[in-house]
Structure formats: structure tokens, C-alpha cells
Amino acid sequence: MRLAFVGLGLLFTGLGFLGAFLPILPSTPFFLIAAYLFSRSHPRLEAWLLSLPQVGPLVKNYREGRGISKKTKVLATALALGAAGISAYGLPHPAGQVAVLLLIAYGLYFIWLRVPTLAPEEGPKGQELPEG
């Protein structure tokens with residue numbers, strides 16, 4: 001089972017890196033899944049994944065229940081709506097169009113209402129830093 005988790009973790013890590021370059025493919029969910037699989041199978045690969053500057057903080061914040069930033073939520077929403085529009089336009093059958101739109105709607109519901117929004121970190125002397 002450990003070998004299967006490592007293999008799946010590597011697969012999801014690859015998909016996460018691919019998603020970092022392709023706007024239609026999300027990267028964060030793949031990295032979250034990969035981190036989970038590595039935590040169950042290969043702690044060194046998990047530590048490597050968490051040490052990546054663009055990936056580690058996202059996974060750590062999500063694991064600690066702090067959520068994701070508002071900027072990330074807005075970007076994810078824009079990309080999801082763009083992909084939904086292209087997909088719905090390209091599908092010939094109305095049932096397929098409705099299915100795509102419902103799946104995107106559920107994803108947006110989950111992102112905005114179920115995943116906490118990361119609060120801006122406090123700066124020196126209790127001042128809040130701008131989000132971004």
C-alpha cells in the first residue's frame with residue numbers, strides 16, 4: 001500500500017506542477033492530495049513538497065485550518081468560470097452543459113463557503129499587512 005501511495009503522490013505532484021502552468025487545470029487540490037499521500041507513505045517526499053516556496057505555505061495553511069487567501073479564491077473563481085464557459089459552449093448536449101455548470105457551481109460554493117479565507121498576517125506593532 002505504501003508503494004501505491006508514493007506512486008499516486010508522485011502522480012498528483014506532477015499534475016499539480018502541470019496545473020501551475022495550465023490555467024484550466026488547478027494545482028492546489030493536487031498538491032493537497034499529494035501531501036496527504038506522502039504523509040501516509042514517505043515523510044521525506046512530504047517534507048520536500050512542503051519545503052517548496054510556492055506549494056508549502058498553501059498546504060500548511062490549509063492543514064492548519066487557516067484556509068486560502070482571498071486573492072487565490074478570486075483567481076480560482078475566475079479560472080473556473082472561464083473554463084465553465086468554454087466547456088458549456090463546446091458541449092453539444094444541454095444535459096452536459098448543465099452538468100458542467102452544476103459542478104462548477106458546487107466547486108465555487110465549496111471554495112467560498114466551506115474553505116476559510118486566510119486572514120492577512122499581522123505586521124509590526126499589530127498593524128495588518130496588505131493582502132497579496
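Only helical DSSP H runs with n ≥ 4 go in: add -39500 (n - 2.57) per run for the chain, normalise by residue count and round the 222 nm mean residue ellipticity to 500 deg cm²/dmol.
It comes out at -21500 deg cm²/dmol, rounded to the nearest 500.
Could you work out what % of the accessible surface of region 46-88 is carbon and sulfur, using a 1.4 angstrom probe and leaving DNA, RNA and ligands out of the count? Walk me through the numbers on the way to the answer.
Details: 1640 of 2440 Å².
Carbon and sulfur: 67 percent of the exposed surface of region 46-88.
For region 55-100, with every protein chain kept in place, what is the accessible area per residue (1.4 Å probe, Å²)? The partial results should precede the final answer.
Numbers: 2790 Å² over 46 residues.
Result: 61 Å² per residue.
Between residue 4 and residue 51, how high is the FRET efficiency from 1/(1 + (r/R0)^6) when r is the Cβ-Cβ distance and R₀ = 30 Å? Nearest 0.05.
Working: r = 24 Å, r/R0 = 0.80.
Given R0 = 30 Å and the Cβ-Cβ separation, E is 0.80.
The values are calculated or read from the model by the stated rules, or taken from the named source; none is laboratory data. Note that the coordinates shown come from a computational prediction; the quantities given were computed from them, not determined experimentally. All Cβ positions, glycine included, derive from the backbone under ideal geometry; neighbour counts span all protein chains shown. Remember, those area values only see protein heavy atoms, side chains included, never the ligands or the DNA or RNA. Shrake-Rupley method; radii C 1.70, N 1.55, O 1.52, S 1.80 Å.
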